[in-house]
1. Condition test on B:R37, is it within 17 Å of the chain's Cα centre (by Cα) and either of a type outside the set (D, E) or crowded, with 18+ Cβ neighbours inside 10 Å (or both)?
2. Restrict the check to segment A:125-134 and report whether at least one residue is more than 26 Å from A:A91 (Cα to Cα) and surrounded by 19 or more Cβ atoms within 10 Å (Cβ to Cβ).
3. Can you say whether A:E113 is of a type in the set (D, E, K, R) and over 29 Å from A:P283 (Cα atoms), as far as the supplied structure shows?
4. Looking at B:P297, B:P283, can you tell me which residue is away from every other protein chain (no Cβ under 12 Å), in a loop (DSSP other than H, G, I, E, B), surrounded by fewer than 19 Cβ atoms within 10 Å (Cβ to Cβ) and not aromatic (F, W, Y)?
5. Quick one: which residue in A:E212, A:E175, A:E143, A:E184 is under 24 Å from A:R22 (Cα atoms) and more than 10 Å from every other protein chain (Cβ to nearest Cβ)?
6. Can you confirm whether B:D189 is in contact with a strand residue (DSSP E or B) (Cβ under 7 Å, 6 or more places away or on another chain) and within 12 Å of chain A (Cβ to nearest Cβ)?
7. Please go through segment A:263-277 and give me each residue that is at the interface with chain B (Cβ under 9 Å from one of its Cβ atoms) and not in a helix (DSSP H, G or I), ordered by number.
8. Please work out which residue is surrounded by the fewest Cβ atoms within 10 Å (Cβ to Cβ), limiting yourself to segment A:166-175 and to residues that are in a helix (DSSP H, G or I) and free of Cβ contacts under 8 Å to residues at least 24 places away in the same chain.
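Every read-out reported here was derived from the displayed coordinates using simple, explicitly stated rules and does not represent laboratory data. Note that the structure is predicted; figures quoted are calculated from it, not measured. Glycine gets a Cβ as well: all are built from the backbone with ideal geometry, and neighbour counts include every protein chain shown.
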Number of protein chains: 2
Amino acid sequence: MADNFKSGSRPIDILVSEVGPRDGLQSITPIMPMAARKAWISAEAAAGVREIEVGSFVPARILPQLEGTAEVVAHACSIPGLTVAALVPNARGARDAIAAGAHKITIPLSVSETHSMRNLRRSHQQVLAEVAEIGAAIRALPEGQRPHFEGSLSTAFGCTLEGAIPDAQILRLAEALMAAGCDEVGIADTTGYADPVAVKHLIRILRDAVGEQAVQGIHLHNTRGLGLANVLAALDAGLTTVDSSLGGLGGCPFAPGASGNIVTEDLVFMLEAMGLRTGIDLPKLFAVREILMQHLPDEPLYGFIPDAGLPLVFTAAAERRKEAA
Amino acid sequence: MADNFKSGSRPIDILVSEVGPRDGLQSITPIMPMAARKAWISAEAAAGVREIEVGSFVPARILPQLEGTAEVVAHACSIPGLTVAALVPNARGARDAIAAGAHKITIPLSVSETHSMRNLRRSHQQVLAEVAEIGAAIRALPEGQRPHFEGSLSTAFGCTLEGAIPDAQILRLAEALMAAGCDEVGIADTTGYADPVAVKHLIRILRDAVGEQAVQGIHLHNTRGLGLANVLAALDAGLTTVDSSLGGLGGCPFAPGASGNIVTEDLVFMLEAMGLRTGIDLPKLFAVREILMQHLPDEPLYGFIPDAGLPLVFTAAAERRKEAA
């Protein structure tokens, strides 16, 4: 399974990790039919997306929108070259994710303990105990079958309840995640509080603490319009994986008219315009929006580039690249 | 007059140049009453904005929305510490701007000659002749009364008609503007084609060609959502002046739902969150939107931060800065 992690037929510079089928779908009320969820994942993979977080292993009574994630994982695992990621809230969810065949498992740890208690009803110590249990379960698997295991530091740029979280506390939790068996520590701007300076600072101190290889990805929100500027800061600081959501599905509950996650289409456009290879074909990616429009007709889709269209200079450059290849 | 240029009571790191009263108003059909135009400018200056492009010296039959710019300039010049900028299409407009007392005069030169012929009905040679005439008129003024004179390279990141414009052509035109008497060469992403790599590249080659001091400001659009990421790239490349428009007034005709100019509120939030001083008080700036809502009730206003609100961490940091000051 793990052999699939970050693989792919052609070299890319930046891994765009699509989280819409998990983060988008869990943020809306309508339930997307199983066949449409699978079709969405297949279409994005066909557009060149290399990693998709396809669901979350939570009880259906809590998130009915994500019921049947095991079936979605199995479908996604049949797509060659796709890294199939799943979110898990605890060790039980991780066991289900492993059984389903996920290549990558992410467990969130809110660096704000108030937020952790309020939203997950678990203290830092309790979450870390779950992480250790998952770490042990993964190590018990034969080598080559172990999923990549990420601990994601949520509310990393501040909490709506506690405000700023001290650097020392974030670093202590990152070190604890690695000690408990994580392969990687993710950074998540759950509250949309990040700015480019804060992004660079946090990446630098985290990499100093747990090593460069263990800090590769970031999950940013566009709540305050800084999403892509924060991506740029993260790239400058050396990160290579960026989460985003097709059409910004789900929006942001705190900011009407704003996408929650950054929009995959806009992110890929920025990266490709900068000459960074994502492996993703933009017109094919735009076409995937039709699946969302058809099956979630009442949900607004976000994104600038699908409306504005590709610049003439971009299309011409893409043609030249194709000819050269 | 020129003494006012970039002056101000307290030091700032980045000059946010508000262009809404010119670029915003000229892009919409309704005509804002003269009293409201003045009130808008006064309120933004009171919020700490140091430079405002208050209008354009074009015949009222072409842009009735900007009729009476001389009266607006005179009003704005009565505000202590405010740099009053005006756009001019030609030497006749520049004479009017000088007579009205503008501190800064900007003439656009489209680096795409097709665009220049189509939109301004003038070749590069004809525009440069106007620039030379303006340059001579300014030099004829007594020292200390000369307005700052900027030539703005529009369609600098590509043209919807011609596509990419060769670097050599842009540099030749920048040098010609300086030779004809400009103090500064501005960069304008008229078509919303810029990306962070292109922004850094163009700034670097322009500064190499005409000198660092002559390349200080940039006018970016948010047509494709990269506005603030492009700002970040421009700051990285050393620029210190960024144009923006309150509420993104006027929108973008090519991209429904997108602001044309970058939104002043979001720009100031990003800069201040990064610890860069703009001199602008954000809550006071948000309040200026009410003038627009009252007098242009049918025009949508853009911006993420006015909806989402300031982060708790930002407000706390601002309090600490106030206490320390």
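1. Numbers: within 17 Å of the chain's Cα centre (by Cα): yes; either of a type outside the set (D, E) or crowded, with 18+ Cβ neighbours inside 10 Å (or both): yes.
Yes, satisfied.
2. The first filter runs over segment A:125-134 and keeps only residues more than 26 Å from A:A91 (Cα to Cα), leaving none.
The answer is no, given that none of the residues of segment A:125-134 is more than 26 Å from A:A91 (Cα to Cα) and surrounded by 19 or more Cβ atoms within 10 Å (Cβ to Cβ).
3. Working: of a type in the set (D, E, K, R): yes; over 29 Å from A:P283 (Cα atoms): yes.
Considered against the rule, which asks whether it is of a type in the set (D, E, K, R) and over 29 Å from A:P283 (Cα atoms), A:E113 comes out as yes.
4. Numbers: B:P283 fails: in a loop (DSSP other than H, G, I, E, B).
B:P297 is the lone residue from the list that is away from every other protein chain (no Cβ under 12 Å), in a loop (DSSP other than H, G, I, E, B), surrounded by fewer than 19 Cβ atoms within 10 Å (Cβ to Cβ) and not aromatic (F, W, Y).
5. Values: A:E212 fails: under 24 Å from A:R22 (Cα atoms); A:E175 fails: under 24 Å from A:R22 (Cα atoms); A:E143 fails: under 24 Å from A:R22 (Cα atoms).
It is A:E184.
6. Numbers: in contact with a strand residue (DSSP E or B) (Cβ under 7 Å, 6 or more places away or on another chain): yes; within 12 Å of chain A (Cβ to nearest Cβ): yes.
Here the answer is yes, as B:D189 does meet what is asked.
7. Answer for segment A:263-277, where residues must be at the interface with chain B (Cβ under 9 Å from one of its Cβ atoms) and not in a helix (DSSP H, G or I): A:V263, A:M274, A:G275, A:L276.
8. First, pick out the residues of segment A:166-175 that are in a helix (DSSP H, G or I): A:167-175.
Now restrict to residues that are free of Cβ contacts under 8 Å to residues at least 24 places away in the same chain: A:168, A:172.
Working: A:A168: 9, A:R172: 14.
Top of the filtered list is A:A168.
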